[in-house]
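Heads up: the structure comes next, in structure tokens.
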Amino acid sequence: MLSILIPGYNYNVVALVLELQKQCLECNINFEILVFDDGSKLFLDENQKINSLEKCSFKVLEKNIGRSAIRNLLAKKTKFDSLLFLDADTIPIHNNFIKNYISQINEDEKIVYGGIQYQKGKPNKSKVLRWKYGNSREALSVEKRQQNPYLSLLTLNFLIHKNIFATVCFNETIPNLRHEDTLFSYNLMQQKIKIIHIENPVFHLGLDAFEVAIKKENESLLGLKYLIDRELLPSDYVRLSEIAAKIDKMKLNFVFALFYKITMPLFLKNLSSNNPSLFIFDLYRLGNLCNLYSKHSITR
């Protein structure tokens, strides 16, 4: 009935698998939990314990194949038609998490997204930026998510039918620079596949420290520009790239790129503080993207 698919990388997934297995057994359903590790070097011994659990398996890939490819590979190895994707650094908030998803399984052509939440208490200084951004921009109510159902889809907690995934899967031809989920949501929109938003969240546990968060954001902007350059994604699909494209058309990239280079040290000082400004974060991201627009198109 249900295949639960968890791509992992350098993360201990045992607690997540135990909770999911417990809920599946309580629901008395046919299920499997597949964890594929993308060439990690950490937590391998701990995660091997998963293989001793009923209807659960853990496999380590010989080399890192990237976020898109590992999700596609997981889907190909499933027994059942209903696929529940979860990131390794999540944990269900409620004990009826699986039951809620089971109630959504029917013949309708749709994807079901349950949402995400972050811890309420403020973390240590190094993780405040990612925590603040997540709470403000990602941990949205069902009502807010429904206002922009495709862009509100985060691929760390969603249910999809195998037939739909055979039509719209993750693009493996793009560099492993993030925004593969943005492209996935855009392709779903192109195919007119509905996204149903429900209140069935997981906690996102893996908060990145500031240096890692900024590195990932810079990679994300490279990935976004790559998709736009190759016309895989229209520039107006994401608000940030829509603004950058308008600046590009007005031939003002050099102004924003210069502004970005001058202000970057001050911006980074604020963003690494205990009270980072999301407005400054948006300016940093826009300036960075305009700087990319001012250069030649990104090549592979």
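Spherically averaged projected area of the convex hull of Cα atoms, the chain: 15.7 nm². Think of the chain as a dipole: +1 on every Lys or Arg Cβ, -1 on every Asp or Glu Cβ, centred on the Cα centre; then among 167, 29, 283, 283 lies furthest on the positive end. Using only side-chain charges placed at the Cβ, +1 for Lys and Arg and -1 for Asp and Glu, the dipole size of the chain relative to its Cα centre rounds to 840 debye. Amide H contacts of residue 90 (H built 1.01 Å from N, in plane; Pro and chain starts excluded): 205 sit under 5 Å, all sequence-distant by 5 or more or on other chains. The lysines whose alpha-carbon is closer than 18 Å to the alpha-carbon of residue 192, local same-chain residues fewer than 8 away aside, are 110, 162.
The smallest convex shape that holds all Cα atoms of segment 120-212, its convex hull, gives 113 Å³ per residue. Reachable lysines from residue 249, Cα under 16 Å, same-chain residues fewer than 8 places away excluded? Here the lysines satisfying the reach criterion relative to residue 249 are 225, 295.
The Cβ shell under 11 Å around residue 61 holds other residues with a net charge of -1, Lys and Arg each +1, Asp and Glu each -1.
For residue 50, neighbours were defined as the other residues whose beta-carbon sits under 13 Å from its Cβ, and their charges (Lys and Arg +1, Asp and Glu -1) total -3. 3J(HN,Hα) couplings calculated from phi for segment 54-65 with the Karplus curve 6.51 cos²θ - 1.76 cosθ + 1.60 (θ = phi - 60°) are, in sequence order, 4, 6, 10, 9, 10, 9, 9, 6, 5, 9, 6, 10 Hz; Gly and Pro show x.
Spread over its residues, the convex hull of the C-alpha atoms of segment 1-126 is 132 Å³ per residue.
Rule-based calculations on the coordinates, nothing more; no lab input. None of the values given here were measured: they were computed from a predicted structure. Cβ coordinates were reconstructed from backbone atoms using ideal geometry, including for glycine residues, and neighbour counts include every protein chain displayed.
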